[in-house]
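Have a look at the structure below before the remarks.
Any read-out appearing in this document is the output of simple, stated calculations on the displayed coordinates, not a laboratory observation. All figures in this text were calculated on a predicted structure; none of them were measured in a lab. Please note: Cβ atoms are built from the backbone with ideal geometry, for glycine as well, and neighbour counts cover all protein chains shown.
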Amino acid sequence: MKQFVVIGLGRFGFSLAKTLYELGHDVLGIDNDEEIVQSVAESITHAVKADATDENALKALGVRNFDVAVVSIGNDIQSSILVTLILKEMGIKYVVAKANSELHGRVLKKIGADRIVFPERDMGIRVAHNLTLSNILEYIELSPEYSIIEISALPAWYDKSLRQLNMRTKYGLNVIAIKRNGNIIISPNGDDMILRGDILAVVGHKDDIENIEKHF
């Protein structure tokens, strides 16, 4: 179990905090709006009202002891940058920061954020892929160059091993998991067979992802 602190409990922050809590992690939520704090209090481990731009307030809450901090402050870019900077200076090893624009993201990266997320942009990408490609079940952008997709196995792949399919050579994709009847095969080997109804999680460069999409 990891300890997460989520700063900013708007739609994105609350959804993230609640999901992390439901996955069994310890989650501290911080927001400067008392009503928001009260509304989420029962959905996560702890929820407190505090000014996250106040370093002393964060220290008093023991934030420096958390494994991961997520800065999900909404449209207040100045506060977002300041809080991210404070967290990194406090020594938190991994800070995820929500950005509202590419410029905002570049600034966050320069001051030390370990990962930048663009909820609106990323959701748009995932929805577009999911709407236009019936075999693409999930699309997660890891970086501007690389993504993970979940795809339904094509009939031409049925009853063939991963070695026979040789997806790395043919498509430039690495199969990292196979979902089958509610079970997940992690890091499958070359002898694992692809069966009807399987879902493959694959990782690859965006150009290779686009090429595989043309087969659907």
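Using 0.36 nm per residue of separation minus the Cα-Cα distance, give me the extension gain between ASP192 and GLN164 in nm, one decimal. Intermediate values should be presented prior to the final figure.
Numbers: separation 28, 0.36 × 28 = 10.08 nm, distance 0.99 nm.
Extending this stretch completely gives an extra 9.1 nm.
Beta carbons within 10 angstrom, averaged per residue: use that to sort the peptides 173-179, 84-90, 195-201, highest first.
The most tightly packed comes first, giving 84-90, 173-179, 195-201.
On a full-extension model of 0.36 nm per residue, what is the gain between LYS49 and GLU145, subtracting their alpha-carbon distance, rounded to one decimal in nm?
30.7 nm
In the chain, what % of DSSP beta bridges are antiparallel (nearest 5)? Each step should come with its number before you reach the end.
Numbers: 23 of 43 bridges.
Close to 55 percent.
Relative contact order for region 3-117: what is it in percent, counting Cα pairs under 8 Å that are at least 6 residues apart? Please list the in-between numbers first.
Numbers: 213 pairs, mean separation 26.4, N = 115.
With pairs under 8 Å counted, the relative contact order is 23 percent.
Based on the inverse mean of 1/r over its pairs of different Cα atoms, what is the Kirkwood hydrodynamic radius of the chain, in Å?
Values: mean 1/r = 0.0520 Å⁻¹.
Hydrodynamic radius (Kirkwood, Cα only) of the chain equals 19.2 Å.
Which whole-Hz ³J(HN,Hα) couplings does region 78-93 yield from phi under the Karplus relation 6.51 cos²θ - 1.76 cosθ + 1.60, θ = phi - 60°, glycine and proline marked x?
Running phi through 6.51 cos²θ - 1.76 cosθ + 1.60 with θ = phi - 60° gives 4, 5, 4, 5, 5, 5, 4, 4, 4, 4, 5, 5, 6, x, 5, 5 Hz.
Based on C-alpha coordinates, I'd like the Rg and Dmax of region 61-120, in Å.
Cα radius of gyration and Dmax of region 61-120 are 10.5, 31 Å respectively.
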